[in-house]
1. Which residue, of Asp50, Asp70, is loosely packed, with under 15 Cβ neighbours inside 10 Å, touching a strand residue (DSSP E or B) at 6+ places or on another chain (Cβ under 7 Å), farther than 26 Å from Pro158 by Cβ and acidic (Asp, Glu)?
2. Any idea which residue in region 33-74 is nearest to Val88 (Cα to Cα), counting only those that are hydrophobic (A, V, I, L, M, F, W, C) and at pLDDT 95 or above?
3. When the residues of region 113-166 are narrowed to those that are of a type outside the set (A, V, I, L, M, F, W, C), out of contact with any helix residue (DSSP H, G or I) (no Cβ under 7 Å at 6 or more places or on another chain) and open to solvent by less than 30 Å² (accessible area, probe 1.4 Å), which ends up nearest to Phe30 (Cα to Cα)?
4. Hand me the list of strands (runs of 3 or more DSSP E) wholly inside region 86-151 holding 2 or more residues that are within 16 Å of the ligand (Cβ to nearest atom).
5. For region 7-45, enumerate the residues that are among the aromatic types (Phe, Trp, Tyr) and over 14 Å from the mean Cα position of the chain (by Cα).
6. Any chance you could count how many residues in region 33-44 are open to solvent by less than 70 Å² (accessible area, probe 1.4 Å) and either in contact with a Pro (Cβ under 8 Å, 6 or more places away or on another chain) or hydrophobic (A, V, I, L, M, F, W, C) (or both)?
7. Can you report the number of residues in region 89-112 which are in contact with a Leu (Cβ under 7 Å, 6 or more places away or on another chain) and either within 21 Å of Lys10 (Cα to Cα) or of a type in the set (S, T, N, Q) (or both)?
8. Please work out if Leu60 is open to solvent by 60 Å² or more (accessible area, probe 1.4 Å) and among the aliphatic types (A, V, I, L, M).
Amino acid sequence: MPSASKARPKPTESQWAAVRGSRIHGKGMFATRSIPRGTRIIEYTGERIDKDEGFRREELRRRRAARGGDGCIYTFELNSRTDIDGRVLWNTARYINHSCEPNCESQIVRGRVWIVALRRIDPGEEITYDYYYDYAHYREHPCRCGARKCAGYIVKAPQRWRVRHAAAEAGRKR
Ligand SMILES: [Zn+2]
């Protein structure tokens, strides 16, 4: 039997990183100690939803963004049937910012999403990964990651050339 008190899940924690104010955006997660390459730093958790519910929530998100509200995408595609909606208070990994030159990546391991170090990370460094947003609607997601090769928008690495191409085209027409 489930317990009588419907306690909300406790926020996830990492033995490697903690939440602090970020120069990139709002809050971020920062290494609290030296993190070896390949370390699973924290799980990206949330509510498991099917694709129909995923589409419905994406619609809500776009309407919220159009009104000037939070336009961030917290949905993670787990597989062809299931998404994870990480927009829940207990998902501490939702604070991790995108970077165009990230030090982590997201990995799906047996139905769970992990944020994994791509290289050794020093204490105090901000934890980042590529949000892998699609090029479509890229203007809704400006990037302030500060990386030398920042595309100016949050777009998955393989499609960033399209952002640069669009900017060059606009420059030519001016
Ligand atoms: Zn960037």
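The values are calculated or read from the model by the stated rules, or taken from the named source; none is laboratory data. All of these numbers come straight from a predicted model, not from anything done at the bench. Neighbour counts run over all protein chains shown; Cβ positions are idealised from the backbone, glycine included. Ligands, DNA and RNA are stripped out before the accessible areas are found, and what is left, the full protein with its side chains, is counted by its heavy atoms. Shrake-Rupley method; radii C 1.70, N 1.55, O 1.52, S 1.80 Å.
1. Residue meeting the stated conditions: Asp50.
2. The qualifying residue nearest to Val88 (Cα to Cα) is Ile49.
3. The residue in question is Thr128.
4. In region 86-151, the matching strands (runs of 3 or more DSSP E) lie at 104-109, 126-129.
5. Within region 7-45, Trp16, Phe30 qualify.
6. 4
7. Residues meeting the conditions: 2.
8. Yes.
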